[in-house]
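Remarks on the structure that follows.
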Amino acid sequence: MLGKKTSILIDGKKMAAKIKDEIRARVAKLIDDHDTAPHLAAIIVGEDPASQTYVSSKEKAAQSVGIVSSVYRYPESTTQEELLTAIDFLNLDDTVDGFIVQLPLPKHIDVDKVIARIDPEKDVDGFHPVNVGKMALGQPGFVSATPAGIVELLKRYNIETEGKHVVVLGRSNIVGSPVSILLSKKTNPGNATVTLCHSKTVNMAEITRSADILICAIGQPLFVKANMIKPGAVVIDVGIHRIPAKNDKGYTIVGDVDYNEVSFKAGYLTPVPGGVGPMTIAMLLKSTLEAHLRKHQS
Ligand code: GUN
């Protein structure tokens, strides 16, 4: 209908494999030098299937690069106090370099209290207010893995951000807010003019059409259509959704972007799956290695 696809695919899977190769080599060198392997732990509460899948992927990826991985599984009925005690335990465990508490948590648990309890030096997710503050100030600390993965993709694909108009859809603490801060910093990638759109934004399509780089983290399947983008724009799709489909599985995975339409108009485009998702995991492993190195340097 629309002729030949024009976009260059941003292959997050391939790039993540390359980053994992680099981490694997660094870990092997540590072992050769008689150091211990880095250790990443994860806490998961409840049975949310998406969270179970994420945590297993992280575990497999860690093991594939030589990072030790342990997963602490707690039932849905776990109390906030029990979870805080589990965090204290990991904060004090010298063999653990970094750990994450998989989100979302059950409704009876106050997520802010939980995150605040994590030792910032072990907060490889970069969610603790100390690390968010450092990121905002441009100081070294841990940066949330998805925004870090997006920045790394732009860097490794040599996509210029300086002076560009970056439009971010979605203001979550995990993706939208931090990526908008990172790309507005005086750094490379960075130095962009950033507009952050959210549920109260008026005339969103007008804004997205002026984007040189559009980062979609709005959490709505197939939300971004071809008429919302500028020809040749760089489109980064952070969404991941299962929608019903008439195939053997009964579902298909899509992003926040209508790939079929947008791939005829964008200059660069990340696929779902295989775009931002694998980069998130690779960046978490990189932060774990970093946590290990920092601990052993001090
Ligand atoms: N839930 C969805 N993404 C993430 C993530 O990057 N870290 C954690 N801890 N939970 C998540």
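Details
- Residue that is nearest to the ligand (Cβ to nearest atom) [pool: residues in region 95-152 that are aliphatic (A, V, I, L, M) and assigned to a loop (DSSP other than H, G, I, E, B)]: 103
- The criterion of at least 2 residues that are crowded, with 17+ Cβ neighbours inside 10 Å, modelled with pLDDT of 95 or more and more than 16 Å from the ligand (Cβ to nearest atom) is met by the following strands (runs of 3 or more DSSP E) wholly inside region 222-298: 234-237.
- Selection count where residues are under 26 Å from the mean Cα position of the chain (by Cα), surrounded by 13 or more Cβ atoms within 10 Å (Cβ to Cβ) and not β-branched (Val, Ile, Thr), scope region 31-49: 8
- Residues in region 162-181 that are surrounded by 24 or more Cβ atoms within 10 Å (Cβ to Cβ) and in a loop (DSSP other than H, G, I, E, B): 2 in all.
- Selection within region 78-92 - closer than 12 Å to residue 43 by Cβ and part of a loop (DSSP other than H, G, I, E, B): 78
- Screening residue 194 against (1) surrounded by fewer than 23 Cβ atoms within 10 Å (Cβ to Cβ); (2) of a type in the set (A, V, I, L, M, F, W, C); (3) closer than 30 Å to residue 34 by Cβ leaves a single unmet condition, (3).
- Checked against (1) free of Cβ contacts under 8 Å to residues at least 40 places away in the same chain; (2) under 21 Å from the mean Cα position of the chain (by Cα); (3) not in a helix (DSSP H, G or I), residue 59 meets all criteria but (3).
The values are calculated or read from the model by the stated rules, or taken from the named source; none is laboratory data. Keep in mind that what you see is a predicted model, and the values were worked out from it rather than measured. All Cβ positions, glycine included, derive from the backbone under ideal geometry; neighbour counts span all protein chains shown.
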